[in-house]
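Beneath this line is the structure, given in structure tokens, with notes to follow.
The values are calculated or read from the model by the stated rules, or taken from the named source; none is laboratory data. Just so you know, these numbers come straight off a predicted model, no measurement behind them. Methodologically, a virtual Cβ is constructed for each residue, glycine included, from the backbone with ideal geometry; neighbour enumeration extends over all protein chains shown.
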Amino acid sequence: MVEGEIAICQATVADVDDLVRLRRVMCEGMGWDDPVKLEAMEQAASAYFLQAIPAGDFCGWLAVTPAGEAVSTGGVIVDRHIPTPANPSGKVGYILNIATVPSHRRQGIARRVLQTILAWLDKQGVQRATLHTSDEGRPLYESLGFEPVPNEMRLEIGQ
């Protein structure tokens, strides 16, 4: 790492507080502003990360300044689907939790985090990656080759 450069580091359970804090930044950026719901999300996300990281169910990264401040994050969950002709391994990387604090946006940090995730997926033999995006994030993902998938649908159960 060059002095003064932001480092991209794989997250561990020691980083759960930063992962949760940056997840809240992401949620707030998407318009969530109910403090009760945000607090409940933080508690649930903390419990999730504490279990999922050591189990290998979630793999995340943090962009850390030379002063030790985590300013961006991203993660991935690898699911196994039935193989298809387009994806013979059946592995699908679901990229999520991409967030950068406002003071560090538009500096290429989220791009570096995402490129780190994509390189890791490639090493794992994952042939397909998916994600959900905000309008603000769309240009970044498109610049890296992501394309919209028109045939996905969603149902909120029990709402």
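What the table below lists for this structure:
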| read-out | value |
| --- | --- |
| Answer residue from the stretch 26-59, given it is crowded, with 17+ Cβ neighbours inside 10 Å and touching a residue at least 40 places away in the same chain (Cβ under 8 Å) and is farthest from Q124 (Cα to Cα) among those | M26 |
| Considering residues of the stretch 62-74 that are small (G, A, S) and in a loop (DSSP other than H, G, I, E, B) only, the residue nearest to the chain's Cα centre (by Cα) | G68 |
| Qualifying positions in the stretch 138-159 - in contact (Cβ under 8 Å) with a residue 12 or more places away in the chain, in a loop (DSSP other than H, G, I, E, B) and under 26 Å from E28 (Cβ atoms) | L144, F146 |
| Subset of the stretch 67-98 that is without any contact (Cβ under 8 Å) to a residue 40 or more places away in the chain and of a type in the set (S, T, N, Q) - its residue that is surrounded by the most Cβ atoms within 10 Å (Cβ to Cβ) | S89 |
| Test: residue in the stretch 33-53 that is in contact with a Ser or Thr (Cβ under 6 Å, 6 or more places away or on another chain) and over 20 Å from E136 (Cβ atoms) | no |
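Residue by residue, here is whether (1) at pLDDT 95 or above; (2) in contact with a Pro (Cβ under 7 Å, 6 or more places away or on another chain); (3) part of a strand (DSSP E or B) holds:
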site: E39; (1), (2), (3): yes, no, no
site: Q43; (1), (2), (3): yes, no, no
site: V76; (1), (2), (3): yes, no, yes
site: S89; (1), (2), (3): no, yes, no
site: T116; (1), (2), (3): yes, no, no
site: G125; (1), (2), (3): no, no, no
site: E136; (1), (2), (3): no, no, no
